[in-house]
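S.K.: One structure follows; several queries about it will come next.
Rule-based calculations on the coordinates, nothing more; no lab input. None of the values given here were measured: they were computed from a predicted structure. All Cβ positions, glycine included, derive from the backbone under ideal geometry; neighbour counts span all protein chains shown.
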Amino acid sequence: MRGWLFGWLLLATPLSAAQIDPAVYKALDDARAAEQRGDTTGARRQLQAALPASAEGSLERALLQQRLAYLAIDANDAEHAIQWLTETLRQDALGAEVQAQDRANLARLLLQQGRYQQAAVELALLPPSDATRQLQVQAYRQLGQFDKALPLAEQVVRERPAADDSWYQLLVGMNYELKRYAAAARWQQVLLQRAPGNAASWRQLASLQSLAGEQGKAAATMRLAQLAGVGLQASDMESLIALHARAGAPWQAARLLEQLLRERLLQTTLERQRQLAQLWQAARDYPQALTIWQQVAGASGQTADRLQVAWLHYQQAQWQDVLAMVQGIQPASAAQRRQLASLRAAAQQALDMDQ
């Protein structure tokens, strides 16, 4: 746990017995020695034994509690670390620089424990810095307070365009969560410009553009990636289409596949035509799906494809077309026979009722 925390400033600023109560100094010194021997339990006992003799609001109490907090951090005991750091700060005795460090560490622990509201309160008390603002963005994001998180992140990159990639990744992620895909794509473009050889960045940009309804741009991004020699394969494009479909966005998946076929980034095959028809069908664009199923059925002559055409005519109450399509179909299985009989009976019944 301590790896992501600031160091303990007391170690860099040794205190003498003349500055603090000698008994507390001895307890701190003995605890340090015990810790160096690996006896953290003994170190903890030394510090806790000295606590009752220290006055509330004193430097001595703050030092003892601070050391107990960092022992808890080393032991991966976040709850006790939070408790001791909170008590340390309540003493208000260690000076502004040390207290700011302790408060930042407390906020990190609170974030780690999912206590985002408390973390936000502590962070608001810290001097402004990139590190503080990044923690604030994380807290507000987890709280769903994007109205606070986004402006903070945007302020950082506006003031310092050369900011670390993590800021742009946060902006991409937050806009994605808000379904602001066009904005997410704009920030993703910054990341792509920084690392044009990163295939994942190209894929992510194309995905965001497609989700934003800009399938033409998504296909262009894929083509540019190929021209740049990034090494995107047909499987990358197919994975992107499948990702949209799984995410409940069949319309975007269909538009993207359509554009990739049009741009010849994917080879047009009967199987891909079936996939496109299925995606339009899932998107409930039945006229579009019907047009493609008719092309597929005409090319393949397969019973399953012809049944799809009949079913789509049925979906659109095109009863005569249903009956015309089912004529001559030779079902290959019991399931197909049942489907065929059901479509024929339903269409005939609808026509009889209309007369």
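S.K.: Considering the dipole of the chain built from charges on the beta carbon (Lys and Arg +1, Asp and Glu -1) around the Cα centre, which of LEU152, ALA335, VAL24 is farthest to its positive end?
M.R.: The residue sitting farthest along the positive end of the dipole is ALA335.
S.K.: To the nearest whole percent, what portion of all C-alpha pairs in the chain is separated by more than 26 angstrom?
M.R.: Details: 41745 of 62835 pairs.
Tail fraction, whole percent: 66.
S.K.: Residue by residue through region 319-326, which ³J(HN,Hα) values in whole Hz follow from phi under the Karplus form 6.51 cos²θ - 1.76 cosθ + 1.60 (θ = phi - 60°), with glycine and proline marked x?
M.R.: With the stated coefficients, region 319-326 comes to 5, 5, 5, 4, 4, 5, 6, 6 Hz.
S.K.: Mind listing which trypsin sites (Lys or Arg not before Pro) in region 241-322 are in a DSSP loop and have 14 or fewer other Cβ atoms within 10 Å?
M.R.: Details: sites: ARG246, ARG255, ARG262, ARG264, ARG272, ARG274, ARG284, ARG306; in loops: ARG264, ARG284.
Sites meeting the loop and neighbour criteria: ARG264, ARG284.
S.K.: Run the quick spin-label model on GLN112 and SER235: label points 7 Å from Cα toward the beta carbon, then report their separation in nm to one decimal.
M.R.: 3.9
S.K.: Okay, next question. Would you mind calculating the relative contact order of the chain from Cα pairs under 8 angstrom and at least 6 residues apart, reporting the percent as a whole number? Don't skip to the end; give the middle numbers.
M.R.: Numbers: 389 pairs, mean separation 21.8, N = 355.
It comes to 6 percent, rounded to a whole number.
S.K.: Quick one: dipole size for the chain, taken about the Cα centre, charges +1 on Lys/Arg Cβ and -1 on Asp/Glu Cβ, in debye to the nearest 20.
M.R.: Numbers: 35 positive and 33 negative charges, 209 e Å.
For the chain, the charge dipole is close to 1000 debye.
S.K.: How far is helix 303-315 tilted off the main Cα axis of the chain, in degrees rounded to 10, range 0 to 90?
M.R.: Its long axis makes an angle of about 80 degrees.
S.K.: Now a separate question. Taking 0.36 nm per intervening residue step and subtracting the Cα-Cα distance, what contour gain separates GLN295 from ALA163 on full extension? Show your work: numbers first, answer last.
M.R.: Numbers: separation 132, 0.36 × 132 = 47.52 nm, distance 5.20 nm.
Result: 42.3 nm gained on full extension.
S.K.: Measure off 7 Å from each Cα along the Cα-to-Cβ vector at ALA350 and THR268, then give the distance between these two points in nanometres to one decimal.
M.R.: 3.0
S.K.: Nearest 10 degrees is fine. How inclined is helix 96-112 to the longest principal axis of the chain, computing both from alpha carbons?
M.R.: Result, in degrees: 40.
S.K.: Full-extension gain between GLU154 and GLU56, please, as 0.36 nm times their residue separation minus the C-alpha to C-alpha distance. List each step's numbers first, then the result.
M.R.: Values: separation 98, 0.36 × 98 = 35.28 nm, distance 4.26 nm.
Length gained between GLU154 and GLU56: 31.0 nm.
S.K.: Also, quick follow-up: As I understand it, the value is the acute angle between the Cα axis of helix 40-50 and the longest principal axis of the Cα atoms of the chain; what does it come to in degrees, rounded to 10?
M.R.: Rounded to the nearest ten degrees, it is 50.
S.K.: Over what distance in Å are the Cα centres of region 124-171 and region 181-210 separated?
M.R.: Here the answer is 20 Å between Cα centres.
S.K.: Starting from the Cα-Cα distance between VAL121 and ALA341, subtract it from 0.36 nm times their residue separation and give me the gain in nm to one decimal.
M.R.: 72.4 nm
S.K.: Among SER235, ALA93, ALA247, which residue has its Cα positioned farthest towards the positive end of the charge dipole of the chain, with +1 placed on the Cβ of Lys and Arg, -1 on the Cβ of Asp and Glu, and the dipole taken about the Cα centre?
M.R.: Of the options given, the answer is SER235.
S.K.: Quick check: convex hull of the Cα atoms in region 279-355, volume per residue, rounded to a whole Å³? Spell out each step's value before the answer.
M.R.: Working: hull volume 6.6 nm³, N = 77.
Considering the Cα atoms of region 279-355, their hull volume per residue is 86 Å³.
S.K.: Farthest toward the dipole's positive end in the chain, which of ALA184, ALA163, GLN316, given Cβ charges of +1 (Lys, Arg) and -1 (Asp, Glu) about the Cα centre?
M.R.: Of the candidates, GLN316 comes out farthest on the positive side.
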